[in-house]
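Some notes on the structure that comes next.
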Amino acid sequence: MDYEASLGRAMDELPERSTSGDRLTVPDAAAQPDGAFTRLTNLDSIADTLSRETDHVHSFVQRALGTAGKLEEGVGRYNGRFSGPDFDAVLQDYLEEYVLCSECGLPDTRLVREDRTPMLRCDACGAFRPVAKRTGSTNRTQDAVRKGETYTVEITGTGRKGDGVAERGKYTIFVPGASEGDVVDIYVENVSGQLAFARLN
């Protein structure tokens, strides 16, 4: 099969282009002080607008703000004092990383997994890419991992011995007692090259 025929077949199989992304309007974050915490009271409606799971958006907010939190009935509660614009900036990062297509810019995408790798598939133009931080996106945590420091991380995998595994910049962190999907506070006990060993804090 020659190139032209292959290209034509590929074009025929692409889904029809959607224009729903032109109408996407993300609600402003509703921040509410709660003692030493801040509540994001409309997290559920924001996630619904983005067509993403609320707990996934919640985990991203925790990681981006570098804090611990709790999700209860669609409301996120985060340790620390944050403003509506703080949450809006984080949610914009989430939109760019997990929702908008890098090719056509539309939000008509789905999160899927391929060989345990998160991928973003666009139903508007057919683009398919790994989910990865984009250059210029705001990352409020530093990549360095140092012995004796504490961090909030998301457990993204499981090691051979059953330990939770987190990634932070170029470092792989092993956390015994943590499970995939958890967002936990850890204390780093040792660092060797690009490997770090921590315990739950």
* To do: May I ask you to verify whether GLU96 is part of a loop (DSSP other than H, G, I, E, B), charged (D, E, K, R), surrounded by fewer than 17 Cβ atoms within 10 Å (Cβ to Cβ) and not assigned by TED's automatic domain parsing to the domain that holds ASP185?
  => no
* Per-region count, the range 172-191, residues in a strand (DSSP E or B), of a type in the set (S, T, N, Q) and more than 15 Å from GLU149 (Cβ to Cβ) -> 1
* Give the residues of the range 35-78 that are over 23 Å from PRO107 (Cα atoms) and in contact (Cβ under 8 Å) with a residue 60 or more places away in the chain, sorted by residue number. => LEU65, GLY66, THR67, ALA68, GLY69
* To do: Residues being small (Gly, Ala, Ser) and either assigned by TED's automatic domain parsing to the domain that holds HIS58 or modelled with pLDDT under 85 (or both): count how many of those fall in the range 149-197.
  => 4
* So which residues in the range 40-51 are crowded, with 20+ Cβ neighbours inside 10 Å and either in contact with a Ser or Thr (Cβ under 7 Å, 6 or more places away or on another chain) or not in a helix (DSSP H, G or I) (or both), if there are any at all? -> LEU40, ASN42, LEU43, ALA47
* Hey, among LEU120, LEU106, which residue is at pLDDT 90 or above, under 15 Å from the mean Cα position of the chain (by Cα) and surrounded by 16 or more Cβ atoms within 10 Å (Cβ to Cβ)? -> LEU120
* Asked: Is at least one residue of the range 7-18 surrounded by 15 or more Cβ atoms within 10 Å (Cβ to Cβ) and either at pLDDT 95 or above or assigned to a helix (DSSP H, G or I) (or both)?
  -> no
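The values are calculated or read from the model by the stated rules, or taken from the named source; none is laboratory data. Being a predicted model, the structure only gives us computed values, none of them experimental. Every residue, glycine as well, gets a Cβ built from its backbone with ideal geometry; the counts of neighbours run over all protein chains shown.
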